[in-house]
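Right, one structure below, let's go through it.
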Amino acid sequence: MRKIFTLSLFLALFIRVNAQTSETHVFTTYDTTYNSPLGNWQIRISRPVNMFTAGNPDTASRPAIITMPGIGEAGNNNPNNLIAYGPHYWLLNGWDGSVALGNGTHYPIIITVAFISNTWPAGEQTSDVLSFLLSHYHIKRNSVHLGGLSLGSFMWTSLIAFEQSPGAETGMSMATSITALEGFSLYEDAPFNSWSRGDVAYHVWAQKYHGKFFGLEGTDDYRNVAEGEKDMNSVVPGSAHFSYENLGGGAHCCWNSMYDPTQHNWQSFAPYGPDVATGADTNSRGNYQNGSSIFQWMLRQGDTSIVGSGSSAPPPTPVANAGTGQSITLPTSSVTLAGSGTEQGGTISKYAWTLSSGPSQYSFNNAGIANPIVSNLVAGTYVFKLTVTDANGAQASSTVNVVVNAASIPPASVSTYYPLLGTVQAENYAAMSGIITETTSDAGGGGDVGGIDQGDWVSYNVTAASAGNYTISFRVASPHEGAVFQVLNSAGAVLATVVVPNTGGFQNWVTVNSNITVPAGQQTLKLLSTGGPSWNLNWFSCPAPSNLGNGQQAVPGVIQAESYSSMSGIATQPTTDAGGGLNVGWINTGDWMDYTVNVATAGAYTVSFRVATDDNGAAFRLDNGSGTTYTQIAVPNTGGFQTWGTVSAVVNLNAGVQTLRVYS
């Protein structure tokens, strides 16, 4: 009987100890955002799958390692910035998130945060996101371990001195430890700087909240990390560690080496560079002992007890399917996406469609369903991503391609001759070899001629009112260097050679100029591509001289708004519209501009006006010198005073010199 009792007791003790040697590790990792009036954050979190499952052991609070990367990862919402450096980088490169201490293996909650709204969050903003994390997730309040590199280190260290109101101790009360990698700051924005305690905040944190500090800096860096160690150890000896490291030659770098969970020797390495402060304490060990990683040092601060118990079966895994790729041709501009989500033994609770790459113009009727309609598409290749989320918060993603082919834009009749003094659209060619037409995103819309490679050509029938030398402008785009074309006449003589610059893309447009000499009358101009790289053409233009003498403007031709002969109530300013120069602005009700024009021949003319406004209801009249109104035109809300659109009307003009008035 005695032996049986002894054996039973031994087995019970054995089972208990074994269960506590390792915390449970049924984790999920996903990206989310935190949006508040103080700014927006992107967050990657690795936490127990069953953190919010009532009755599950994994609802127990755990320590948290909360890190913030550097300035290069802030100011945007690129999720790759959350895995560039720090713990989540190592979770993708061999580390399973475990931290071994003397009492067993710990699996802390791991969180990476990066500020979206701009590149420099302030103390109020970092305090705000930390408060959110502590209130939303099951984090031990005496095991909150903050880590930062460069910018992130500046932000977390300044948080200790942040107080929402005088004496509030807001930041320091939330943090158990701080790991400062190459950065230390006490900076606070107004009005918080007026009552900041500065270095004294670290004295209070060490004495009242038992805060711990771990700082590393390059041997030739200048980020003042040693100040944090001195502030701490001056009031609580052993509360802070600091050392200089020679990684990467001691420069401001190598943060993933510092975060490496396999590195266990953090002591100062000489020689020290010229930026190391004279007399700096180069080996203040604090409670750090060689043989420990940064993460082991973190989890030894605060509560070190094992949390969670037992084991759980692996959670079901969601599967996302974005469907089969699709191809359409404009003017068809919408498709129905055929997405789905499945999970064996679980349920899909959320669908979310986003654009991974492609043109920025598109519209979902509902991005939160499996089979949405996406419309308002333009020519190009779209990659849409479907992300499904199950009831436990686990996610899976899949992508699908949607190819939108440009509409075929037929050229104008070969028999049409276009005035050389004016604008000739690229798609209005008389003949061509090797090119295509497509929809353009350039100002004015319509089509362009694309795919122009070496040896390709396109010809245009034009009419020159008189013989002479003309300045000709070409609207071109190319993502390459070295594109060149020649302008030839009907006999094959080269009139000009034009270089197409690298504009950064096939729909990034610029205007290049050249001079040609042509005879009067009808003729053909051929553009022959002689350089290797591809390029696109939207239009070419030979504007009439802006002044024919006595302030006269030629019609047909292009009349610049600032070339008025008289005006009332307006002003000129530099424009951001294609072609640059000036525009006329501040046009209000009753303001007007007069233009003296010389109309070559009587007849019907299409007059086009380049306009911009962020208001609704604007309109103007085009009058003649006698006050007779030719037409009234509404000006649409273009979205801004430098966001330009074109409005047109047809008017009948007499030949000769006359006045045209634009009256608001």
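The values are calculated or read from the model by the stated rules, or taken from the named source; none is laboratory data. None of the values given here were measured: they were computed from a predicted structure. Methodologically, a virtual Cβ is constructed for each residue, glycine included, from the backbone with ideal geometry; neighbour enumeration extends over all protein chains shown. Note: areas computed on protein heavy atoms with side chains; ligands, DNA, RNA excluded. Shrake-Rupley method; radii C 1.70, N 1.55, O 1.52, S 1.80 Å.
If you go through segment 603-628 and keep only what is open to solvent by 40 Å² or more (accessible area, probe 1.4 Å), part of a loop (DSSP other than H, G, I, E, B) and in contact with a Ser or Thr (Cβ under 8 Å, 6 or more places away or on another chain), you end up with Asp614, Gly625. Residues Gly504, Gly482, Gly492, Gly451: which one is more than 37 Å from the chain's Cα centre (by Cα) and over 26 Å from Val555 (Cβ atoms)? Just a single option satisfies the conditions, and that option is Gly492.
Conditions tested, residue by residue: (1) touching a Pro at 6+ places or on another chain (Cβ under 7 Å); (2) surrounded by 24 or more Cβ atoms within 10 Å (Cβ to Cβ); (3) farther than 30 Å from Gly250 by Cα.
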{"residue": "Trp120", "(1), (2), (3)": "no, no, no"}
{"residue": "Asp128", "(1), (2), (3)": "no, no, yes"}
{"residue": "Ser131", "(1), (2), (3)": "no, no, yes"}
{"residue": "His138", "(1), (2), (3)": "no, no, yes"}
{"residue": "Leu149", "(1), (2), (3)": "yes, yes, no"}
{"residue": "Met155", "(1), (2), (3)": "yes, yes, no"}
{"residue": "Glu163", "(1), (2), (3)": "no, no, yes"}
{"residue": "Leu181", "(1), (2), (3)": "no, yes, no"}
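For (1) in contact with a Phe, Trp or Tyr (Cβ under 9 Å, 6 or more places away or on another chain); (2) open to solvent by less than 50 Å² (accessible area, probe 1.4 Å), each residue gets a yes or a no:
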residue: Ala426; (1), (2): yes, yes
residue: Val458; (1), (2): yes, yes
residue: Ser473; (1), (2): yes, yes
residue: Gly492; (1), (2): no, yes
residue: Leu495; (1), (2): no, yes
residue: Thr503; (1), (2): yes, yes
residue: Asn508; (1), (2): no, no
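What do you reckon, is Gln296 at pLDDT 90 or above and not in a loop (DSSP other than H, G, I, E, B)?
Values: at pLDDT 90 or above: yes; not in a loop (DSSP other than H, G, I, E, B): yes.
It is true that Gln296 is at pLDDT 90 or above and not in a loop (DSSP other than H, G, I, E, B).
Can you give me the number of residues within segment 76-96 that are part of a helix (DSSP H, G or I) and out of contact with any Gly (no Cβ under 9 Å at 6 or more places or on another chain)? Please lay out each step first, then the result.
Of segment 76-96, the ones part of a helix (DSSP H, G or I) are 79-82, 87-91.
Going one step further and asking which of them are out of contact with any Gly (no Cβ under 9 Å at 6 or more places or on another chain), we end up with 79-80, 82, 88-89.
Residues flagged as part of a helix (DSSP H, G or I) and out of contact with any Gly (no Cβ under 9 Å at 6 or more places or on another chain) within segment 76-96 amount to 5.
The condition of being out of contact with any strand residue (DSSP E or B) (no Cβ under 7 Å at 6 or more places or on another chain) and of a type outside the set (Ser, Thr, Tyr) holds for only one of Asn624, Asn588, that being Asn588.
I need a count of the residues in segment 246-257 that are part of a helix (DSSP H, G or I) and in contact with a Phe, Trp or Tyr (Cβ under 6 Å, 6 or more places away or on another chain). The number of residues fulfilling the criteria is 2. Taking residues in segment 32-47 that are over 16 Å from Leu91 (Cβ atoms), and partners anywhere that are of a type in the set (Phe, Trp, Tyr) and surrounded by 22 or more Cβ atoms within 10 Å (Cβ to Cβ), the pairs with Cβ atoms closer than 6 Å and at least 6 places apart or on different chains are Tyr34/Trp41; Trp41/Phe115.
Filter segment 364-385 down to the residues that are farther than 17 Å from Ser327 by Cα and open to solvent by 30 Å² or more (accessible area, probe 1.4 Å) and list them by number. I'd like the intermediate steps shown before the answer.
Step one: filter segment 364-385 for residues farther than 17 Å from Ser327 by Cα, giving 364-370.
Of everything in segment 364-385, those that are farther than 17 Å from Ser327 by Cα and open to solvent by 30 Å² or more (accessible area, probe 1.4 Å) turn out to be Phe364, Asn365, Asn366, Ala367, Gly368, Ile369.
Scoring Thr105 on the criteria (1) surrounded by fewer than 17 Cβ atoms within 10 Å (Cβ to Cβ); (2) within 27 Å of the chain's Cα centre (by Cα); (3) modelled with pLDDT of 90 or more leaves a single failure, condition (2). Filtering segment 136-187 to residues that are farther than 24 Å from Pro108 by Cα and among the aromatic types (Phe, Trp, Tyr) leaves Phe162, Phe184, Tyr187. Yes or no: Gly645 open to solvent by less than 60 Å² (accessible area, probe 1.4 Å), among the small types (Gly, Ala, Ser) and out of contact with any strand residue (DSSP E or B) (no Cβ under 8 Å at 6 or more places or on another chain)? Taking the combined requirement at face value, the residue does not satisfy it. Say whether the condition of being in contact with a strand residue (DSSP E or B) (Cβ under 8 Å, 6 or more places away or on another chain) and in a strand (DSSP E or B) is met by at least one residue in segment 122-136. No. Only one entry of Ser243, Ser309, Ser268 meets the criterion of being assigned to a loop (DSSP other than H, G, I, E, B) and either open to solvent by 60 Å² or more (accessible area, probe 1.4 Å) or at pLDDT 85 or above (or both), and that entry is Ser309. Within segment 463-481, the set of residues being more than 23 Å from Asp453 (Cβ to Cβ) and free of Cβ contacts under 8 Å to residues at least 60 places away in the same chain comprises Ala464, Ser466, Ala467, Gly468, Asn469. Being open to solvent by 10 Å² or more (accessible area, probe 1.4 Å) and modelled with pLDDT of 90 or more is the filter here; which residues of segment 209-225 pass it? Within segment 209-225, Tyr209, His210, Lys212 meet the criteria.
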